[in-house]
Amino acid sequence: MPNYKAPVRDMRFLMNEVFDFESHYKSLPNGEDATPDMVEAIVGEMAKLCENTIGPLYQSGDEEGCTLKDGVVHTPKGFKEAYAEFQAGGWQGLSHPVEYGGQGLPMSLGLIKQEMMATANWSFSMYPGLSLGAMNTIQLHGSEEQKQEYLVPLTEGTWGGTMCLTEPQCGTDLGQVKTKAEPQKDGSYKISGTKIFISSGDHDMVENIVHIVLARLPDAPKGTKGISLFIVPKYLPGKIGEDNGVSVGSLEKKMGIKASATCVMNFDEATGFLIGPENKGLECMFTFMNTARLGTAMQGIAHAELSYQGALPYAKERKSMRALSGKKEPDAIADSLIHHGDVRRMLLKQKAIAEGGRAMLYFSAQYADNMISGILEDDMEKYEHWDSELGFFTPILKGFLTEKGLEVANDGMQVFGGHGYIKEHGMEQIVRDARISTLYEGTTGIQALDLLGRKVLLTTKGKCVRDFTKKLVDFGTKNLRDPKLRPFAWKLLKIAAEWNYLTTRIMLVAAKDRDMVSTASYDFLMYSGYAMMAYFWAIQAGVAKDKLENGGNEPAEFYKAKLATAEFYFERMLPSAKGHADAALKPTRSIMKLKAEDFSFDYE
């Protein structure tokens, strides 16, 4: 079983040497207290909590799972105690306003905190993670009274929260929501309906759970324009333990993340309260959707990292055959797996995705900080600008990183050979847990349609791609004459041209054939992911090269490993982008011409 060790050295490299978080925090209205010493303390203390308390529950939590007894969900052994330690440390409110019980630090610190928790134990991290969605919604759209009643205990971590969106008859298409909200004379509403796939819908680690529920008012318009948003607590404030018509119908039986309670929630005339304007529920809910998707993108990094931490020591210890280039360990019965080229290929893939994805996430987290600055400064124009900038990143990060995270989690299992298929080693659990990441918060196909159909073609007409590729061109032109960086620079210049060409070609074809958007979207997203990660590996290589020449905070071997991994990514992984580009430009007929009734036949 992998023993989680927080990758603090890599985190420091990104924060201090690549993205200059110190200067970034000085530019924020809530960044004054985020000094280097404070950041170092936060990272260090969270690392201890994850390594010593949360991580050790990962495998046992999977084996035990959650249970539903007498209407209450019970979490696995040790979870309550671990959450109590998490809550006592004030971790839940790290990036939330001081006036509601938080520490008021930048959102990016919250994301960095979550990355460690997510890697140590994804199931555990989902409980406080789901509360953040409820907290963000109430913070931005709730009345002052609602903030005092609900946001304060949520921020303190004594209460939990959920987002109740999906129903049995609808998944992504929320226009089909049927849950009803009947107005009452006292200004409250009676909420009735069933929600499914509700993570953290009920559990025994907090005294109350606040559900943010999508429902329809009487005579509301059909479709998405007729959905409102409601606060529906398990227990009304001041009435803890008294039934409010909220109950757990069942626990979902899942492939993975078994220690996370995924519930069917029933609302039987439960008392709820409108949050935000009537019939504007989806707009309110999607306010922080970009940051929610960053949280799911994190799962790709988390499982790549944890699987790597399991596969690397095994590859160093396990003896099997001799290296093709000659004996590497002549005194041993065979050479270690790490001396075999194909095993190294899989390990380097894991390292490239974990560290490249972390760089993508940390850069995006700074955009999220800037977005929150707009809210804190009551500057909605600033908020909308940075939300839009972040909006281009999120479908790429969520779709690409979760797909590649799942792929390299499988690679980690493959390093173990047959032992990877056996539960006791813990590698197959990582694969099972990683599988959900490509499905929730919008499947990869939904992310792809959002990226190509909405962000690229409809909203910006390709401008978002043109704007981002300027970064690639800037790196390429500045470093084309540097012998060590020239290979990266030249390829980035080619990618910048190819990415814009690909976007323009799809745009022209889609004007005549609308199916082009759907048939090309997955490959366009994956191409975009490879291209974006190439840029972030190039800038890491640039910093590593500079630190080797001029001195840095880390040992020389660390920077050499960065350069080697960047070279591997560009030579062995980036070529896959070309295949996605070629596929994206193929005519739609090979996908669309087969009649639906001809997909299968009855054979006798």
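The values are calculated or read from the model by the stated rules, or taken from the named source; none is laboratory data. As the structure is a computational prediction, the values presented were derived from the model and not from experiment. We place every Cβ from the backbone using ideal geometry, glycine too, and count neighbours over all the protein chains shown. Accessible surface is based on the protein model in full, side chains and every heavy atom, while ligands, DNA and RNA are left aside. Shrake-Rupley method; radii C 1.70, N 1.55, O 1.52, S 1.80 Å.
Of all residues in region 439-484 being outside any helix (DSSP H, G or I) and of a type in the set (Val, Ile, Thr), which is farthest from Phe197 (Cα to Cα)? So, considering only residues that are outside any helix (DSSP H, G or I) and of a type in the set (Val, Ile, Thr), the one farthest from Phe197 (Cα to Cα) is Thr460.
Here's the yes/no breakdown for (1) in contact (Cβ under 8 Å) with a residue 12 or more places away in the chain; (2) under 21 Å from Gly462 (Cβ atoms); (3) crowded, with 20+ Cβ neighbours inside 10 Å:
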{"position": "Ala538", "(1), (2), (3)": "yes, no, yes"}
{"position": "Glu567", "(1), (2), (3)": "yes, no, no"}
{"position": "Arg572", "(1), (2), (3)": "yes, no, no"}
{"position": "Ala577", "(1), (2), (3)": "yes, yes, yes"}
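With the condition kept exactly as written, say whether any residue in region 107-117 is among the basic types (Lys, Arg), assigned to a helix (DSSP H, G or I) and surrounded by fewer than 21 Cβ atoms within 10 Å (Cβ to Cβ). No. Taken as a whole, the condition of being of a type in the set (Ser, Thr, Tyr) and more than 24 Å from the chain's Cα centre (by Cα) does not apply to Thr53. When residues in region 346-394 are screened for being in contact with a Lys or Arg (Cβ under 7 Å, 6 or more places away or on another chain) and within 24 Å of Met532 (Cα to Cα), 4 of them pass. From the list Ala544, Ala577, the lone residue that is within 29 Å of Val408 (Cβ to Cβ) and within 25 Å of the chain's Cα centre (by Cα) is Ala577.
Applying the criterion of being under 18 Å from Glu63 (Cβ atoms) and β-branched (Val, Ile, Thr) to the residues of region 414-435, the residue that is surrounded by the most Cβ atoms within 10 Å (Cβ to Cβ) is Ile430. Entry remark, region 249-268: residues being touching a residue at least 60 places away in the same chain (Cβ under 8 Å) and under 21 Å from Leu174 (Cα atoms) number 7 in total.
When Met360 is tested against the conditions (1) at pLDDT below 95; (2) buried (at least 23 other Cβ atoms within 10 Å of the Cβ); (3) among the aliphatic types (A, V, I, L, M), the lone failure is (1).
Per-residue answers, yes or no, for (1) modelled with pLDDT under 95; (2) open to solvent by 60 Å² or more (accessible area, probe 1.4 Å); (3) touching a helix residue (DSSP H, G or I) at 6+ places or on another chain (Cβ under 9 Å):
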{"site": "Met205", "(1), (2), (3)": "no, no, yes"}
{"site": "Val210", "(1), (2), (3)": "no, no, yes"}
{"site": "Ala215", "(1), (2), (3)": "yes, no, yes"}
{"site": "Asn244", "(1), (2), (3)": "no, no, no"}
{"site": "Ile257", "(1), (2), (3)": "no, no, yes"}
{"site": "Gly272", "(1), (2), (3)": "no, no, no"}
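The number of residues in region 538-582 being under 19 Å from Asp10 (Cβ atoms) and outside any helix (DSSP H, G or I) comes to 5. Is it the case, given these coordinates, that Lys195 is open to solvent by less than 10 Å² (accessible area, probe 1.4 Å), among the charged types (D, E, K, R) and in a strand (DSSP E or B)? Yes: the conditions hold for Lys195.
Scanning region 310-350 for residues that are open to solvent by 30 Å² or more (accessible area, probe 1.4 Å) and part of a helix (DSSP H, G or I) turns up Leu312, Pro313, Tyr314, Lys316, Glu317, Ile338, His339, Gly341, Asp342, Arg344, Arg345, Leu348.
Between Leu452, Leu406, the distinction of being touching a Phe, Trp or Tyr at 6+ places or on another chain (Cβ under 6 Å) and aliphatic (A, V, I, L, M) belongs to Leu452 only. If you go through region 487-530 and keep only what is among the aliphatic types (A, V, I, L, M), open to solvent by less than 10 Å² (accessible area, probe 1.4 Å), closer than 17 Å to Ala577 by Cα and in contact (Cβ under 8 Å) with a residue 60 or more places away in the chain, you end up with Leu502, Ile506, Ala520, Leu525, Met526.
Residue check: is Lys26 more than 20 Å from Ser364 (Cα to Cα), at pLDDT 95 or above and among the basic types (Lys, Arg)?
Spelling it out, it is not the case that Lys26 is more than 20 Å from Ser364 (Cα to Cα), at pLDDT 95 or above and among the basic types (Lys, Arg).
Do we have Lys280 as within 17 Å of Leu439 (Cα to Cα) and open to solvent by 10 Å² or more (accessible area, probe 1.4 Å) here? Here the answer is no, as Lys280 does not meet what is asked. Scanning region 64-83 for residues that are part of a helix (DSSP H, G or I) and without any contact (Cβ under 8 Å) to a residue 60 or more places away in the chain, we see that the one that is farthest from Leu49 (Cα to Cα) is Glu81. Of Lys113, Lys69, Lys48, all but one fail to be under 19 Å from Ile372 (Cβ atoms) and of a type in the set (Lys, Arg); the exception is Lys113.
For every residue, the table says whether it meets (1) under 30 Å from Cys164 (Cβ atoms); (2) in contact (Cβ under 8 Å) with a residue 40 or more places away in the chain.
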{"residue": "Gly276", "(1), (2)": "yes, yes"}
{"residue": "His303", "(1), (2)": "yes, yes"}
{"residue": "Tyr308", "(1), (2)": "no, yes"}
{"residue": "Arg322", "(1), (2)": "no, no"}
{"residue": "Ala332", "(1), (2)": "no, no"}
{"residue": "Asp342", "(1), (2)": "no, no"}
{"residue": "Leu347", "(1), (2)": "no, yes"}
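Kindly indicate whether Glu99 is free of Cβ contacts under 8 Å to residues at least 24 places away in the same chain, open to solvent by 10 Å² or more (accessible area, probe 1.4 Å) and under 21 Å from Met285 (Cβ atoms). Taking the combined requirement at face value, the residue does not satisfy it.
Listed here are the residues, each with its yes/no results for (1) of a type in the set (A, V, I, L, M); (2) part of a helix (DSSP H, G or I); (3) farther than 23 Å from Met107 by Cα.
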{"residue": "Ala6", "(1), (2), (3)": "yes, no, no"}
{"residue": "Asp10", "(1), (2), (3)": "no, yes, no"}
{"residue": "Asn16", "(1), (2), (3)": "no, yes, no"}
{"residue": "His24", "(1), (2), (3)": "no, yes, no"}
{"residue": "Glu40", "(1), (2), (3)": "no, yes, no"}
{"residue": "Gly44", "(1), (2), (3)": "no, yes, no"}
{"residue": "Ile54", "(1), (2), (3)": "yes, yes, no"}
{"residue": "Tyr58", "(1), (2), (3)": "no, yes, yes"}
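Inside region 447-466, residues that are open to solvent by less than 50 Å² (accessible area, probe 1.4 Å) and either of a type in the set (A, V, I, L, M) or farther than 25 Å from Ser125 by Cβ (or both) make up a count of 11.
From the list Ala556, Ala534, the one residue that fits, being small (Gly, Ala, Ser) and under 27 Å from the mean Cα position of the chain (by Cα), is Ala534. Which numbered condition trips up Glu149, out of (1) buried (at least 19 other Cβ atoms within 10 Å of the Cβ); (2) within 25 Å of the chain's Cα centre (by Cα); (3) of a type in the set (Asp, Glu)? Tallying (1) buried (at least 19 other Cβ atoms within 10 Å of the Cβ); (2) within 25 Å of the chain's Cα centre (by Cα); (3) of a type in the set (Asp, Glu), Glu149 fails exactly one: (2).
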